[in-house]
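The values are calculated or read from the model by the stated rules, or taken from the named source; none is laboratory data. Remember, it's a predicted structure, so these values are computed and weren't measured experimentally. Note that each Cβ is placed from the backbone with ideal geometry, even for glycine, and that neighbours are counted across all protein chains shown.
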Amino acid sequence: MADATDMDALRQLGVAEVRRAVVALGHDVAASALIVSLLTELGVEEIWGRAETYRHGKILERVGAHRVVLPQQDMGRVLAGLLSVR
């Protein structure tokens, strides 16, 4: 197990060679932002981040996430669409 908030650990794992990464820490905004920032610094081409709130998502975008997924909001939209069809 490695600490993804540690740049040396990420380098040892060869993360700089990865083209795509997903950061799916939901509740720890600081850790997820730090990891996205480190992945950006390592040159990862495509970074997806999972956010709990809109503000969390904005932070992830600002530190380098290319796509942000907000599972609860996204599922809410899907559910609303399904219910409106009936």
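From the set of residues in segment 58-86 that are among the β-branched types (V, I, T) and at pLDDT below 85, which is surrounded by the fewest Cβ atoms within 10 Å (Cβ to Cβ)?
So the first thing to find is which residues in segment 58-86 are among the β-branched types (V, I, T), and the list is 59, 63, 68-69, 78, 85.
Narrowing further to those that are at pLDDT below 85: 78, 85.
Values: V78: 10, V85: 6.
By that ranking, first place goes to V85.
Consider only pairs whose beta carbons are under 9 Å apart and that are at least six residues apart or on different chains; among these, list those whose first residue lies in segment 68-86 and is of a type in the set (V, I, T) and whose second residue is surrounded by 10 or more Cβ atoms within 10 Å (Cβ to Cβ) and part of a helix (DSSP H, G or I).
Short answer, once both residue conditions are applied: V68/H56; V68/G57; V68/K58; V68/L60; V68/E61; V69/G57.
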